[in-house]
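Below is one structure, written out as structure tokens; the observations come after it.
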């Protein structure tokens, strides 16, 4: 079972489920099995921090929502001097988000307790809440959410007031060349919800599905420099009139496929899907490892399909991996207590698309960063590429992206399908989380990444087989 202080509780829970299914609960918990996993602890810690910091930024953009919603220890019949929050059982360190107990509220400052530490919350630090004084927000006995900035002498601490209004963030990172899952965050707080949104929650993906439409089109002969008309168009979708619009409700006229993709123009994507056929688009999703039900209708070209982050992240690894998909996995090896190997994972590698098409798609997704909807990622000063996704009414925000060696997907939204608020796009809500995580990932000494491999101009280039392109990875089993 994941312990209360595990940095990767959702990951550990997936491993536990796999082991119990294969060996039985008694064998797993009593026989001393040794389990070797794909987890990278540094990346997991970075993922945890990136998600929580990103959700904090979202909360601050939308002001204080906890009026009348805070739990109060005194109202529940408790005593301030005896209260212990479960969060305090874990080490209290700088950067942690946790619950605090309000002890006193003066006109200009409130005093809160976190474990053995006391911290002030001054009026000037509450500006983001749009309230002037602590008394407008809290009373003694309230349980508030804070972030620890630093720990000082004499059990003093500096904290900022935060809030948890129910927003969730999910992140998954997979190593492209091996399929190893390096980090996973399945939700904001495992102790409050063990539901793993990374591989159990099917959410509408928005424009993050467009790469698969473009992949099918490029395989059919389309070229990034081809011109396409972005103009008001009504389509026939299974006998029903379908009139999509662009996010900005404007039209660009004649535009190259490269720029249409980078700017996430909707009309060109639907035109491409109509040309290649939605049945073929769905077949491509299956080739990329996506198994969730997807109807063969035109709105799917704009992401009107419910997929998991796990499916999307795994599918995106195909692009930087020269068209080859390797089955994602958590476990590398299982031995008994004496070291005898009981199970060793050799993930399957499959050819999904040609090397040329994969590299062309990488080039298109680099354009999203260079002059498109994810231009903020230029700050990383590293070869990265990806695609934003935003659904109707700003219900779901996605960013799916990769460096040459690592693919990371991020989703932000509420468990109930309600709006995140105006302008909460994938580039606004999800991309900053992705960037914070990737900033740590690309700085790892072991990850010496250079530029993406160049696109291949020869459309008749013979596809590299999975065996040829992955011959340096003996753990990969090619079928």
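The values are calculated or read from the model by the stated rules, or taken from the named source; none is laboratory data. Owing to the predicted nature of the structure, the values given are computational and were not obtained by experimental measurement. Quick reminder, even Gly has a Cβ in these numbers, built from the backbone with ideal geometry, and neighbours come from all protein chains shown.
Test residue 211 against the stated conditions and say whether it is in the same structural domain as residue 313 (by TED's automatic domain parsing), surrounded by fewer than 24 Cβ atoms within 10 Å (Cβ to Cβ) and touching a strand residue (DSSP E or B) at 6+ places or on another chain (Cβ under 8 Å).
Details: in the same structural domain as residue 313 (by TED's automatic domain parsing): yes; surrounded by fewer than 24 Cβ atoms within 10 Å (Cβ to Cβ): no; touching a strand residue (DSSP E or B) at 6+ places or on another chain (Cβ under 8 Å): yes.
No.
What strands (runs of 3 or more DSSP E) lie completely within the stretch 67-182 and have 1 or more residues being closer than 30 Å to residue 333 by Cβ and in contact with a strand residue (DSSP E or B) (Cβ under 9 Å, 6 or more places away or on another chain)? Steps first, please.
Details: elements: 97-105, 109-114, 117-122, 143-151, 157-162, 167-175.
Ranges flagged: 167-175.
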For residues that are closer than 21 Å to residue 92 by Cα, surrounded by 14 or more Cβ atoms within 10 Å (Cβ to Cβ) and over 35 Å from the mean Cα position of the chain (by Cα), tally how many sit in the stretch 112-154.
-> 1
Would you please name the residue that is farthest from residue 369 (Cα to Cα), looking only at residues in the stretch 241-281 that are surrounded by fewer than 20 Cβ atoms within 10 Å (Cβ to Cβ), touching a helix residue (DSSP H, G or I) at 6+ places or on another chain (Cβ under 9 Å) and without any contact (Cβ under 8 Å) to a residue 24 or more places away in the chain?
-> 277
Please state which one of 402, 414 is under 15 Å from residue 319 (Cα atoms), assigned by TED's automatic domain parsing to the domain that holds residue 430 and within 17 Å of the chain's Cα centre (by Cα).
-> 402
Is it true that residue 364 is assigned by TED's automatic domain parsing to the domain that holds residue 204, without any contact (Cβ under 8 Å) to a residue 24 or more places away in the chain and either in a helix (DSSP H, G or I) or touching a helix residue (DSSP H, G or I) at 6+ places or on another chain (Cβ under 8 Å) (or both)?
-> no
Take the residues of the stretch 22-49 that are surrounded by 18 or more Cβ atoms within 10 Å (Cβ to Cβ), under 23 Å from residue 343 (Cβ atoms) and in contact (Cβ under 8 Å) with a residue 60 or more places away in the chain: which is nearest to the chain's Cα centre (by Cα)?
-> 44
Starting from residues that are touching a strand residue (DSSP E or B) at 6+ places or on another chain (Cβ under 9 Å) and free of Cβ contacts under 8 Å to residues at least 60 places away in the same chain, keep the ones in the stretch 292-324 and report whichever is surrounded by the fewest Cβ atoms within 10 Å (Cβ to Cβ).
-> 293
Selection from the stretch 104-122 of residues that are over 16 Å from residue 163 (Cβ atoms) and touching a helix residue (DSSP H, G or I) at 6+ places or on another chain (Cβ under 6 Å) | 105, 108, 115, 116, 117
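Among the residues of the stretch 217-232, is any under 28 Å from residue 289 (Cα atoms), in the same structural domain as residue 323 (by TED's automatic domain parsing), out of contact with any strand residue (DSSP E or B) (no Cβ under 7 Å at 6 or more places or on another chain) and crowded, with 21+ Cβ neighbours inside 10 Å? Write out each step before concluding.
As a first pass, look at the stretch 217-232 and keep what is under 28 Å from residue 289 (Cα atoms): 217-224.
In the following step, the residues that additionally are in the same structural domain as residue 323 (by TED's automatic domain parsing) were identified as 217-224.
Now narrow it down to the ones that are out of contact with any strand residue (DSSP E or B) (no Cβ under 7 Å at 6 or more places or on another chain): 217-223.
Of the ones still in play, those that are also crowded, with 21+ Cβ neighbours inside 10 Å are 217-218.
Taking every residue of the stretch 217-232 in turn, at least one turns out to be under 28 Å from residue 289 (Cα atoms), in the same structural domain as residue 323 (by TED's automatic domain parsing), out of contact with any strand residue (DSSP E or B) (no Cβ under 7 Å at 6 or more places or on another chain) and crowded, with 21+ Cβ neighbours inside 10 Å.
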Of the numbered conditions (1) crowded, with 22+ Cβ neighbours inside 10 Å; (2) in contact (Cβ under 8 Å) with a residue 60 or more places away in the chain, residue 166 fails exactly one; give the number of that condition.
-> (1)
